[in-house]
1. Based on other C-beta atoms within 10 Å, arrange 130, 101 from fewest to most.
2. Compute the FRET efficiency between residue 202 and residue 86 as 1/(1 + (r/R0)^6), taking r as their Cβ-Cβ distance and R0 = 30 Å, and round to the nearest 0.05.
3. Classify the range 46-319: rounded, prolate or oblate, from the alpha-carbon gyration tensor (a ≥ b ≥ c, eigenvalue square roots; a/c under 1.5 rounded; otherwise prolate if a/b is larger than b/c)?
4. Compute the length gained on full extension between residue 143 and residue 125: take 0.36 nm times their separation in residues and subtract their Cα-Cα distance, giving the result in nm to one decimal.
5. Based on the mean of other beta carbon atoms within 10 Å per residue, what is the order of 314-324, 222-232, 272-282, most packed first?
6. Please compare each pair in 143/212; 83/171; 192/224; 143/224 to a cut-off of 20 Å on the Cα-Cα distance and tell me which ones are over it.
7. Quick check for me: using +1 on Lys/Arg Cβ and -1 on Asp/Glu Cβ, what's the dipole size of the range 46-319 about its Cα centre, in debye to the nearest 20?
Amino acid sequence: MLAEKKMDLGTVALAAGVIGFLRYWILPQIRKYVAGGVCKSTARLDGKTVVITGANTGIGKETAKDLALRGARVIIACRDFAKGEAAANEIRLETGNQAVLVRGLDLANTASIRQFAEAFLKEEKNLHILINNAGVMMCPYSKTADGFELQFGVNHLGHFLLTYLLIEALKEAAPSRIINVSSLAHVFGRIKFHDLQSEQSYDGGLAYCQSKLANVLCTREMAKRLQGTRVTVNAVHPGSVRSELVRHSTLLSLVWRLFSFFIKTPKEGAQTSIFCAVAEELDSVSGVYFSDCHPAFVAPQGRNDKTARELWDVSCKLLGIQWT
């Protein structure tokens, strides 16, 4: 009887030890791995002006908060002004930085993009950092105000036009940086020059992948065209992040909820964007794709210079601009 009691106590103690080991050692190690790279730079941004698209929520909001803490003048560019102002108020309170402003920008409307750029150039003297962060993902088929498939139009063409309109301000403020938020999804992307707007056939996932591949390709081509200007441009993969980006996909939303322990928080997802915006060692680094604050693998189709040049030319034609 006494031996059985001792055995029971031993089993309980062993189970408690295993649970404790899992809880206080294994799970934190898994969580640390999931969180990924952390930007360790302590660089200040006093006197610097930053524009971040879609910074009213998720990764963009966390990026804006970090750069505000570093003393930057942060302009949140987003479609929903009320949500943008709510985010800006929160950031002002948390950081003590009152130079966090909200400006209306609808990336699905080239007229809105031009209005934003025109107002910015009238109000601001310089632009030191442009973070093209906003995006849509796996949404039902729809078109922008200009007739572009929504994901290609917002994720690629909208940011391409915005960067074009602000490029002189970036050059005048050089050294300056452009960060394009792309995705590992570019690996599954193909540029369908015969059907860029997905009018012949549409798959929300593949359309998203095409737009993210376009981000990688145009980052590569832009870096070449900006050589000698002291304006750098890099692309980032933030990782799988708990954000509103998956709102159009019931399946992904469910997966995100069920496996939230293995998915990054917005703050964790923002680290690579922050790193590319502030890290001193990246002063002259351009045309690189980063993940977890390190250079990362780029799919072969994302390294195709011919495709990059063709996409650049087609994008200019679609937007009615000349960018040599």
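1. Working: 130 28, 101 18.
Ranking 130, 101 by Cβ neighbours within 10 Å, fewest first, gives 101, 130.
2. Details: r = 34 Å, r/R0 = 1.12.
It comes to 0.35.
3. Working: a/c = 1.34, a/b = 1.16, b/c = 1.16.
Judged from the Cα gyration tensor, the range 46-319 comes out rounded (a/c under 1.5).
4. Numbers: separation 18, 0.36 × 18 = 6.48 nm, distance 3.43 nm.
Extending this stretch completely gives an extra 3.0 nm.
5. Values: 314-324: 13.7, 222-232: 17.1, 272-282: 21.4.
Ranked by mean Cβ neighbours within 10 Å, highest first: 272-282, 222-232, 314-324.
6. Pairs exceeding 20 Å: 83/171; 192/224; 143/224.
7. Numbers: 31 positive and 28 negative charges, 28 e Å.
Taking the Cα centre of the range 46-319 as origin, the dipole is about 140 debye.
Values quoted throughout were computed directly from the atomic coordinates according to the rules given, and no laboratory measurement underlies them. What you see is a predicted model, and the numbers here were worked out from it, not measured in a lab. Backbone-built Cβ (ideal geometry, glycine too); neighbour counts: all protein chains shown.
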